[in-house]
1. Within segment 1-41, count every residue that is assigned to a loop (DSSP other than H, G, I, E, B), at pLDDT 95 or above and open to solvent by 30 Å² or more (accessible area, probe 1.4 Å).
2. Quick one: Tyr195 ticks every box in (1) within 14 Å of Gly22 (Cβ to Cβ); (2) at pLDDT 90 or above; (3) of a type in the set (Ser, Thr, Tyr) except a single one, so which number is it?
3. So, in segment 225-244, of the ones that are modelled with pLDDT of 95 or more, of a type in the set (A, V, I, L, M) and surrounded by fewer than 19 Cβ atoms within 10 Å (Cβ to Cβ), which residue ends up nearest to Asn81 (Cα to Cα)?
4. Report, by residue number, each residue of segment 167-187 that is open to solvent by less than 50 Å² (accessible area, probe 1.4 Å) and of a type in the set (Asp, Glu).
5. What residue, among those in segment 68-100 that are surrounded by 15 or more Cβ atoms within 10 Å (Cβ to Cβ) and of a type in the set (D, E, K, R), is modelled with the lowest pLDDT?
6. Suppose we keep only residues that are in a loop (DSSP other than H, G, I, E, B) and in contact with a Cys (Cβ under 6 Å, 6 or more places away or on another chain) within segment 101-147. Which one would you say is most open to solvent (accessible area, probe 1.4 Å)?
7. For segment 175-241, list the strands (runs of 3 or more DSSP E) that sit wholly inside it and hold at least 1 residues that are of a type outside the set (Lys, Arg) and touching a Pro at 6+ places or on another chain (Cβ under 9 Å); which are they?
8. Please go through segment 53-67 and give me each residue that is under 15 Å from Val146 (Cα atoms), open to solvent by 10 Å² or more (accessible area, probe 1.4 Å) and either touching a residue at least 60 places away in the same chain (Cβ under 8 Å) or in a helix (DSSP H, G or I) (or both), ordered by number.
Amino acid sequence: MEQLEKLQQMIDQSRRIVFFGGAGVSTESGIPDFRSEDGLYHQQYAWPPETIISHSFFMAHPEEFFRFYRDKMLWPQAKPNAAHLFLAQLEQCGRLSAVITQNIDGLHQMAGSRRVLELHGSVHRNYCMNCRRSYPLSTITDSKTVIPRCSCGGIIKPDVVLYEESLDQELLTQSIRALEQADLVLVGGTSLNVYPAAGLLQVCRGTPIVLINRSSTPMDRQAALLISQSIGEVFGQLRATPLS
């Protein structure tokens, strides 16, 4: 309770909050993560998941990629949870300047957040590798063929960052700028083991960091406040107060 009161006080005194989140933000919406005991890395497939969702595998075996992608990475029925909703409220109150997420599910936008920097892309954006025409998620889910194809014949690729692919440089620049300008950084639902995304927090010199995660992270000792609970539990007990 004391930790929650301290966190509420820190939020109430801040005007440029940045949230940095990972898979744990979405698990409470029913989307499994990769590294938990029942996550994708612990399930049996003909290839390891990190191989299947790599660029080289996608190019060499697109049919197998799309079977796995539709089966394990698309959760169109998922809804925002308390964490997503609280962050959207913080932004509406003028206290949150950006959400930086490693998730690709679009739940932050569904909850109402406007400035969302999606480091690993989004399942809701898809494009033809030939003519670059854009397609919605429904094109992938409703495709009558295993490999979704554009009207021009090209393969429609999800706009998600696969293994072996680089993060978008402009998104990285925007994320660094937001973190540098923040007066409070909330970090939640992430093990901080996925690079280069986790390395972004190194720019937060002197800015208080609140870490909310069930398990320990490499940055626990640098946190101004450490809360070992689920992000939805914590954010569900906080209130977003408008700037006075």
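The values are calculated or read from the model by the stated rules, or taken from the named source; none is laboratory data. What you see is a predicted model; the values in this text were computed from it and never measured. With ideal geometry, Cβ positions are generated from the backbone for all residues, glycine too; neighbour counts draw on all protein chains shown. Side chains included, ligands, DNA and RNA excluded: accessible areas come from the protein's heavy atoms. Shrake-Rupley method; radii C 1.70, N 1.55, O 1.52, S 1.80 Å.
1. 3
2. (2)
3. My answer is Leu238.
4. Once the filter is applied, which keeps residues that are open to solvent by less than 50 Å² (accessible area, probe 1.4 Å) and of a type in the set (Asp, Glu), segment 167-187 yields only Asp183.
5. Lys72
6. Taking segment 101-147 first, the residues in a loop (DSSP other than H, G, I, E, B) are 102-106, 112-115, 119-120, 129-133, 136, 142-147.
Checking which are in contact with a Cys (Cβ under 6 Å, 6 or more places away or on another chain) leaves us with 130-131, 133.
Numbers: Asn130: 105, Cys131: 67, Arg133: 121 Å².
Here the answer is Arg133.
7. Details: elements: 184-188, 209-212, 225-227.
Passing ranges, in order: 184-188, 225-227.
8. Restricting attention to segment 53-67, the residues satisfying the condition of being under 15 Å from Val146 (Cα atoms) are 58-67.
With open to solvent by 10 Å² or more (accessible area, probe 1.4 Å) added as a condition, the list becomes 59-64, 67.
Those that are under 15 Å from Val146 (Cα atoms), open to solvent by 10 Å² or more (accessible area, probe 1.4 Å) and either touching a residue at least 60 places away in the same chain (Cβ under 8 Å) or in a helix (DSSP H, G or I) (or both): Met59, Ala60, Pro62, Glu63, Glu64, Arg67.
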